[in-house]
Amino acid sequence: MRHLSRLADYCSITNMHTKNLAIVWAPNLLRSKQIESACFSGTAAFMEVRIQSVVVEFILNHVDVLFSSKLSSVIREGAGECL
């Protein structure tokens, strides 16, 4: 994800800003067996992929916070309290 975020930094050259990267990469990063099954119609599959791309775009826009060592340590400490 950090690599894709760094690619977005060069959007003025590549025209691949976070939204475009999310549209391209979301179906691979958040693969859904439901979409791949025959029971999903074209419209439902499109809506599912749209949701995936919004999630990936959010992650790309907040990669520094979501994947920071500080957040990881807070999560580990919080998980220890639940045990």
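Structure notes:
- Residue ID - nearest to Leu7 (Cα to Cα), chosen from residues in segment 58-83 that are modelled with pLDDT of 70 or more and outside any helix (DSSP H, G or I): His62
- In the set (1) surrounded by fewer than 11 Cβ atoms within 10 Å (Cβ to Cβ); (2) touching a helix residue (DSSP H, G or I) at 6+ places or on another chain (Cβ under 9 Å); (3) at pLDDT 90 or above, Asn15 fails one condition alone, (2).
- If you go through segment 19-34 and keep only what is open to solvent by less than 40 Å² (accessible area, probe 1.4 Å) and either modelled with pLDDT under 95 or not in a helix (DSSP H, G or I) (or both), you end up with Ala26, Ser32.
The values are calculated or read from the model by the stated rules, or taken from the named source; none is laboratory data. Quantities reported herein were computed from a predicted structural model and do not represent experimental measurements. Backbone-built Cβ (ideal geometry, glycine too); neighbour counts: all protein chains shown. SASA here: full protein model, heavy atoms, side chains in, ligands and nucleic acids out. Shrake-Rupley method; radii C 1.70, N 1.55, O 1.52, S 1.80 Å.
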